[in-house]
1. If all Cα-Cα distances of region 135-217 are sorted into 5 Å bins from 0 onward, what percent lands in each bin, rounded to whole numbers?
2. Among DSSP bridges having both ends in the chain, what percentage is antiparallel? Round to the nearest 5.
3. What number do you get for region 1-86 when its Cα radius of gyration is normalised by 2.2 N^0.38 Å, N = residues?
4. Which whole DSSP H helices in the chain pass both tests: a Cα extent of 15 Å or more along the axis and a mean Kyte-Doolittle value no lower than -1.0?
5. Could you run the Karplus curve 6.51 cos²θ - 1.76 cosθ + 1.60 with θ = phi - 60° over region 274-279 and give me ³J(HN,Hα) per residue in whole Hz, x for Gly and Pro?
6. Considering only C-alpha atoms, what is the centroid distance from region 369-405 to region 324-367, in Å?
7. Using Cα springs under 10 Å in a Gaussian network model of the chain, which residue among L252, L138, L360 shows the largest mean-square fluctuation?
8. Considering only Cα-Cα distances, which of the following residue pairs are longer than 24 Å: K322/K372; K284/K403; K88/K398?
Amino acid sequence: MIRTQAILLKNGRIIDPANRVDKKASLLVEKGKIQAIFSPRQKTPSLPKKLQSIDLQGKWIVPGLIDMHVHLREPGEEYKETIETGTKAAAAGGFTAVACMPNTTPVNDCQSVTRLILEKAENAYARVYPVGAISKGLQGESLAEFGEMKQAGAVAVTDDGKPVTDSQLMRRALEYASNYNLMVISHSEDYSLSRNGAINEGFVSTSMGLKGIPHIAEEIMVYRDLALAEYTGCTLHLAHISTKESINLIRLAKQKGSPVTAETGPHYFSLTEKAVKDYNTNAKMNPPLRTQKDLEAVIKAISDGTIDVIATDHAPHSILEKDLEFDQAANGIIGLETAVPLALALFRKGYINAARLVELLSTNPAKILGVKGGSLEIGSDADIAVIDPEHSFVLHEKDIVSKSKNSPFIGVKLQGKALLTICGGRITYNAISD
């Protein structure tokens, strides 16, 4: 990480939907804060003598991206990823903050683990927001101590990786979390339907001889959790939404005024179940990749606001977990370094505009989690990403910053990249040629 006293980002396109800004301008960072934004027609403010000036003609200056669904694997599985390597990959993707899931070893279900994560993250390349477990040990039997985890620094609770199958426990989680202003994040899966499944149930699973996961395994639990949110009046966030009917249910709930938000991953609007051909375990995940109709529904939901957030569900695994028979391989893919180009594909195809892209990747995650960031407000911490929407590159395994390399996009030509990331006034990633 490079520390500098002052940085001038010149001649970029500043996109800040939180403040309704979209214009060509320059931005001054000093003492870790955003000090000024001024357009070419405005008078240049007084600049400090020691100044790093970077010309960003043709590039976007946006609030630092925030990924509200990341697995950093520390503590317990540091051979897959660490807080250091995971946040370094985040910075390389334009992210200045990540919310890390609690399925670590030990599980983040108490204040001591929450504090350990934050201690490890003190010098990280991005802000780290721990997410605590809903249930003790992710066992789905009794609630974890939400108040203690909140006091230690947790921003939300979830049993991500496992569903909360007990409806009464989920109801109590929603009510208990509301007392502490904690967001409940739901992993919507009916395990009795999905158990031992490997890919989406349908023609592809049958032709490959693999047990399928029916789309209703997600939708049944989405319906239940939406019903609980409506009944309790408590806020709910739905993770990694992947099916058309789940989206229809969420859209209806929002129309009724239910306090619900939802996310999807870049893979669900970029790939279908066909990506697992040749038994490619780097395309195995949970929920699984779905059909073309589901993909189109996800895109429509992103466009019309039914989906609030694009979150990567960054899930690093080593070859020990991935270089196995398909049905034995672990679920999950890395995503921090490919989120920007995949999301920009939606922009280039006209499904969303630039401001909406920033909302999905920065403004909305900050708002939902109740954390700092998501805007370029004067006087706020300088969390900034510089994106070149025209930058083309092929993703090579050797260039991946993450400790694990389990990406289905290796060898794929992508367009659009974060070239500079600033977190709290520190340059945490710089790929801009002088």
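FYI, it's all coordinate maths here, none of it is from the lab. This structure is a prediction, so every number in the text was calculated from the model and none was measured. Don't worry about glycine lacking a Cβ; one is built from the backbone with ideal geometry, like all the others, and counts go over all protein chains shown.
1. Spelled out per bin, shortest first, that is 3, 14, 21, 19, 12, 10, 9, 7, 4, 2, 0.
2. DSSP beta bridges in the chain are roughly 55 percent antiparallel.
3. Working: Rg = 17.0 Å, N = 86, 2.2 N^0.38 = 12.0 Å.
In units of the globular-protein estimate, region 1-86 measures up at 1.42.
4. Going by DSSP H runs, the hits are 167-179, 216-232, 244-255, 292-304.
5. Going residue by residue, I get 5, 5, 8, 4, 6, 6 Hz, with x marking Gly and Pro.
6. Taking the Cα centre of each part, region 369-405 and region 324-367 sit 12 Å apart.
7. L252
8. Beyond 24 Å between Cα atoms: K322/K372.
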